[in-house]
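The structure appears right after this line, and notes come after that.
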Amino acid sequence: MEDIPKSKHEFCVGQRVHASGDSQRIGTVKYVGPVEGYSGTWVGVDWDNGEGKHDGSINGVRYFQSKSERSGSFVRAQNLSQGISLLEALEKRYRSNSTKDEEDEMYVLSTSNKKVSIQLLGKDKIHDKLSRLEELTSASLSCLGVSSPGIPCQINTTVPNLKELDLTWNLLSEWKDIVTICEQLPNLGTLNLTSNMMSPYKSELPLLKGIRVLVLNNTSVDWEQVELLKQSLTVIEELHLMGNSISRILPMASSRVQGFDSLRLLNLEDNCIAEWDEIMKLSQLRCLEQLYLNKNCLNSVFYPDKSSQYESEIACYKPFQNLCCLLLGDNNIGDLVSVDSLNLIPNLVEIRLSGNPITDSARGGVPRFVLIARLAKIQILNGSEITPRERKESEIRYVRLVISRLHNNPEEVKQHPRFSELKKFHGIEDERPSLGPAGPQTTGSGFLSMTLKCVGASMGEKPPLTKKLPATTTVGKLKNLCESFFKLRSMKLKLFLQEEGSPLPVLLDNDMSSLMDFGIGNESIILVDEEN
């Protein structure tokens, strides 16, 4: 803390501010007043980025409670900014000329990590076009310290044609200011308020008539606020609510979320939702096509049948009737029953499951081909398109894998709902001679014939080897055998399955899994590489 003369600025608790000269260092005022042992008035700030000096107490005296142990600090008012208006930000971003210092900071890094200055060709022409604010249809005012609209009537006359407005990481916090901005911009359809800490409101807002895309990521908005907000968003098509610590969906008037009659995309990524029952509260949003649930805490997925608590709803409208894209990456889903239930969502064609235990072989997960075989209608899995060829080969490999397991445990067939259907569809018999790499078939003696190829840079040129090995051989055992076959002592290996038609080989990443578990078939090609 430095003793600086008293500032003329006045601040109040709860106000959003940024450090003078650094509009990206944003915080919330938590205290205004004296600090024992120091003269004058101090402002206690809890910084968003967590980079402060303490938790709101100093010399044993607590003045406020910061969100973490070192996110708070005391600052003189002169070192803080209350921000600027929307109109001032437009002038600053689109009409002010870049300084020589700013232009000197424009560079790229060379291969030797040296700064190489760059010059923008046509800069004056671009600047001239952007400076004509009345022609702007899209404006990005991120990180400029916008804290208020400015004179309302001047907004419309300044940017009358604005359709998209990005206000990410500013100081806005009051919904009345957002309403003012929207009312003055009748053509505005997309509004991004990411990382503006919005204060709660208690009653319905005026209509936000034209807003079709609203981004409220990291704004501290909870679902109760969303319920109030939806009355104002009569034509909303996309609603983004990432990073708001939402754990429950709380409909206002019934057990299911109603309204949002035009909503096609709902983004709830990076929240705290743990129960699928909460997600089922969204199942009657009839236009919903895309639901993003990555990075939550979901343990399982289910789709209701007629004997469940959702029977009355199923009779009149199928849950998630129009949902075609469901992103569930980086949750805690670890059971195949959840995977199988996705087949019941009527129009689902895209799913993301990466980052869940079910896709991690080290945590008992299954490989991609098993997921493809079990998901009958999915066309895009984990961001990658499933071609007809990949689906056919995956289903055949899966059927062969199940057949090999049923010999020892016939009851396991109950765990594979699509097995009989796929077995019949592909004309696969229980006992069948080897047909090549289409599936994990074995020779009559239970051995697999495979070709091993060294591809490691330091392995030297070694001719491929063809070996017959038991289908129960583990990946770890095969690595040991490759060390012996190719005389690769003191070298840590990794193995890949090279499949015909696949752009990239598949890493065999679990030493405890057998070749059969990976669906490796007769006459497969295994690439032997070295760890980096």
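Out of 469, 488, one residue alone is in a loop (DSSP other than H, G, I, E, B) and either open to solvent by less than 80 Å² (accessible area, probe 1.4 Å) or not aromatic (Phe, Trp, Tyr) (or both). It is 488.
A quick yes/no check of all residues on (1) under 25 Å from residue 148 (Cβ atoms); (2) in contact with a strand residue (DSSP E or B) (Cβ under 7 Å, 6 or more places away or on another chain); (3) open to solvent by 40 Å² or more (accessible area, probe 1.4 Å):
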site: 61; (1), (2), (3): no, no, yes
site: 70; (1), (2), (3): no, yes, yes
site: 82; (1), (2), (3): yes, yes, yes
site: 89; (1), (2), (3): yes, yes, no
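Would a scan of segment 186-200 turn up a residue that is in contact with a Pro (Cβ under 7 Å, 6 or more places away or on another chain) and open to solvent by less than 30 Å² (accessible area, probe 1.4 Å)? No, segment 186-200 has no match at all.
Pairs meeting the criteria (first residue in segment 284-305 and polar (S, T, N, Q), second residue in a loop (DSSP other than H, G, I, E, B), beta carbons under 6 Å, at least 6 apart or on different chains) are 284/256; 294/269; 294/329; 294/330; 296/271; 296/273; 296/331; 299/332. The listed residues are 130, 141, and the only one of them that is surrounded by 11 or more Cβ atoms within 10 Å (Cβ to Cβ) and modelled with pLDDT under 95 turns out to be 130. Scanning segment 196-224 for residues that are over 28 Å from residue 29 (Cβ atoms) and not in a loop (DSSP other than H, G, I, E, B) returns a single hit, 213. Among the residues of segment 33-43, those identified as over 14 Å from residue 82 (Cα atoms) and either without any contact (Cβ under 8 Å) to a residue 12 or more places away in the chain or part of a strand (DSSP E or B) (or both) are 33, 34, 35, 38, 39, 40, 41, 42. Tallying residues that are touching a strand residue (DSSP E or B) at 6+ places or on another chain (Cβ under 9 Å), of a type in the set (Ser, Thr, Tyr) and under 29 Å from residue 359 (Cβ atoms) within segment 456-509 yields 3.
For segment 284-305, enumerate the residues that are open to solvent by 10 Å² or more (accessible area, probe 1.4 Å) and not in a loop (DSSP other than H, G, I, E, B). 290, 292, listed by residue number.
Residues of segment 159-172 that are surrounded by 19 or more Cβ atoms within 10 Å (Cβ to Cβ) and of a type in the set (S, T, N, Q): 170 alone.
If you go through segment 428-460 and pick out every residue that is at pLDDT 90 or above and either among the β-branched types (Val, Ile, Thr) or open to solvent by 50 Å² or more (accessible area, probe 1.4 Å) (or both), you end up with 3. None of 24, 65 is modelled with pLDDT of 95 or more and either outside any loop (DSSP other than H, G, I, E, B) or open to solvent by 50 Å² or more (accessible area, probe 1.4 Å) (or both) except 65.
Per-residue answers, yes or no, for (1) within 20 Å of residue 289 (Cα to Cα); (2) in contact with a Phe, Trp or Tyr (Cβ under 8 Å, 6 or more places away or on another chain); (3) open to solvent by 20 Å² or more (accessible area, probe 1.4 Å); (4) not in a helix (DSSP H, G or I):
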{"site": "226", "(1), (2), (3), (4)": "yes, no, no, no"}
{"site": "233", "(1), (2), (3), (4)": "yes, yes, no, yes"}
{"site": "248", "(1), (2), (3), (4)": "no, yes, yes, yes"}
{"site": "252", "(1), (2), (3), (4)": "no, no, yes, yes"}
{"site": "274", "(1), (2), (3), (4)": "no, no, yes, yes"}
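Of all residues in segment 26-72, those that are in contact with a Gly (Cβ under 7 Å, 6 or more places away or on another chain) and among the small types (Gly, Ala, Ser) total 7.
Scanning segment 263-272 for residues that are closer than 19 Å to residue 348 by Cα and in a loop (DSSP other than H, G, I, E, B) returns 263, 264, 268, 269. Given the options 522, 532, name the one that is open to solvent by less than 70 Å² (accessible area, probe 1.4 Å), at pLDDT below 90 and not in a helix (DSSP H, G or I). Unique residue meeting the criteria: 522. Please verify whether residue 425 is modelled with pLDDT of 90 or more, touching an Asp or Glu at 6+ places or on another chain (Cβ under 8 Å), closer than 30 Å to residue 470 by Cα and open to solvent by 40 Å² or more (accessible area, probe 1.4 Å), treating the condition exactly as stated. Criteria met by residue 425. Residues of segment 375-404 that are in contact (Cβ under 8 Å) with a residue 24 or more places away in the chain, part of a helix (DSSP H, G or I) and either touching a helix residue (DSSP H, G or I) at 6+ places or on another chain (Cβ under 9 Å) or of a type in the set (S, T, N, Q) (or both): 390, 393, 394, 395, 396, 397, 398, 399, 401, 403, 404.
Which residues, taken from segment 357-385, are open to solvent by less than 20 Å² (accessible area, probe 1.4 Å), β-branched (Val, Ile, Thr) and closer than 16 Å to residue 327 by Cα? Selection gives 358, 372, 378. Going by what's in this entry, would residue 14 be described as assigned to a loop (DSSP other than H, G, I, E, B) and out of contact with any Gly (no Cβ under 8 Å at 6 or more places or on another chain)? When the stated conditions are applied, residue 14 passes them. Taking the conditions (1) in contact with a Gly (Cβ under 8 Å, 6 or more places away or on another chain); (2) modelled with pLDDT of 95 or more in turn, residue 231 satisfies each one other than (2).
Taken over segment 43-54, the criterion of being within 19 Å of residue 12 (Cα to Cα) and open to solvent by 30 Å² or more (accessible area, probe 1.4 Å) is satisfied by 48 alone.
The values are calculated or read from the model by the stated rules, or taken from the named source; none is laboratory data. Computed from a prediction, not measured in an experiment: that's the story for all the values here. Please note: Cβ atoms are built from the backbone with ideal geometry, for glycine as well, and neighbour counts cover all protein chains shown. Side chains included, ligands, DNA and RNA excluded: accessible areas come from the protein's heavy atoms. Shrake-Rupley method; radii C 1.70, N 1.55, O 1.52, S 1.80 Å.
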